[in-house]
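Report on one structure; see the data block that follows.
The values are calculated or read from the model by the stated rules, or taken from the named source; none is laboratory data. Owing to the predicted nature of the structure, the values given are computational and were not obtained by experimental measurement. Cβ placement follows ideal geometry from the backbone for every residue including glycine, while neighbour counts extend to all protein chains displayed. What goes into the accessible areas is simple: the full protein's heavy atoms, side chains included, and nothing from ligands, DNA or RNA. Shrake-Rupley method; radii C 1.70, N 1.55, O 1.52, S 1.80 Å.
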Amino acid sequence: MISTKNNFVTYIIFFSFFFIGITVVTDYGVSQDEYSNRIHGFVLLNYVGNLIFPDLIQNIVGDKNIQKLDINYAGKSYGAYYPALQGVFEIIFQIKDKYNQFLLRHYINFSVFFISLIFFYKTLLLLTNSKNLSLIGFLILGLSPRIFANSFYNNIDIFFLSVVLISNYFFIKLYLNLNYKNLVLCALFTALVVDHRIAGIYFLFQNLFFIFLISKKNLGFKKMLIYVIS
């Protein structure tokens, strides 16, 4: 009965947080990076589309001048899969006006951030085995003023934070339960972290380091943390 009540409270907090975020999304403006990031996404879509569906892309692009993804493209070193995905939704919903184009991105950005907070809660639950502490951690991170505001319009740093949170969850799951599913998911989200920002390569080396440490010391995850800290 107590577990059922705890689950109910957890769901209420999750739902309330998401509802509040979706409600206030229109209160936030557009950051300077969003304009260039949107173009960056369409440059990638145009490049991939011309390789796979050139006729379809020509009909969608029409007479629009989209820069080619080549050696001279200034943004070639930056990850573009996330803005490209946002661009796909813009095309699917046929959004033409600028206001709704960026509003859509704000909804997507906040939704991704919210999902990552769920994984953060689950990570804390794995480490503490306490729903109360996990909910407190969820609220502290989610309601941090700077992070909460940026979760709508910052599609670079907040998305990076989001995929790191998800990646770390599967990283921990991998060592608590070593199987192919956790291995593939950990590798996938680690790759997404690295592709989005080159600084994410730190998490790749982190994962490899702990794999090496476990194999040499034959330690469980919690014992490993104590070993590293000490």
Selection count, the range 196-207, where residues are touching a helix residue (DSSP H, G or I) at 6+ places or on another chain (Cβ under 7 Å) and open to solvent by 80 Å² or more (accessible area, probe 1.4 Å): 1
From the list Lys98, Lys122, exactly one residue is modelled with pLDDT of 95 or more, surrounded by fewer than 20 Cβ atoms within 10 Å (Cβ to Cβ) and more than 17 Å from Ser16 (Cβ to Cβ). Which is it? Lys122
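On the given criteria, is Leu139 open to solvent by 30 Å² or more (accessible area, probe 1.4 Å), under 27 Å from Ser167 (Cβ atoms) and modelled with pLDDT of 90 or more?
Values: open to solvent by 30 Å² or more (accessible area, probe 1.4 Å): yes; under 27 Å from Ser167 (Cβ atoms): yes; modelled with pLDDT of 90 or more: yes.
Here the answer is yes, as Leu139 does meet what is asked.
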If Leu103 satisfies all but one of (1) closer than 15 Å to Glu34 by Cβ; (2) open to solvent by 70 Å² or more (accessible area, probe 1.4 Å); (3) over 15 Å from the mean Cα position of the chain (by Cα), what's the number of the condition it fails? (2)
Does the range 71-78 contain any residue that is aromatic (Phe, Trp, Tyr), open to solvent by 40 Å² or more (accessible area, probe 1.4 Å) and at pLDDT 90 or above? no
Lone qualifier among Phe110, Phe120 - being closer than 15 Å to Ser31 by Cβ and in a helix (DSSP H, G or I): Phe110
For residues that are more than 8 Å from the chain's Cα centre (by Cα) and within 11 Å of Leu117 (Cβ to Cβ), scanning just the range 145-163, find the one that is least open to solvent (accessible area, probe 1.4 Å). Ser151
Among the residues of the range 22-67, write down those that are closer than 14 Å to Ala84 by Cα, aromatic (Phe, Trp, Tyr) and at pLDDT 85 or above. Tyr35
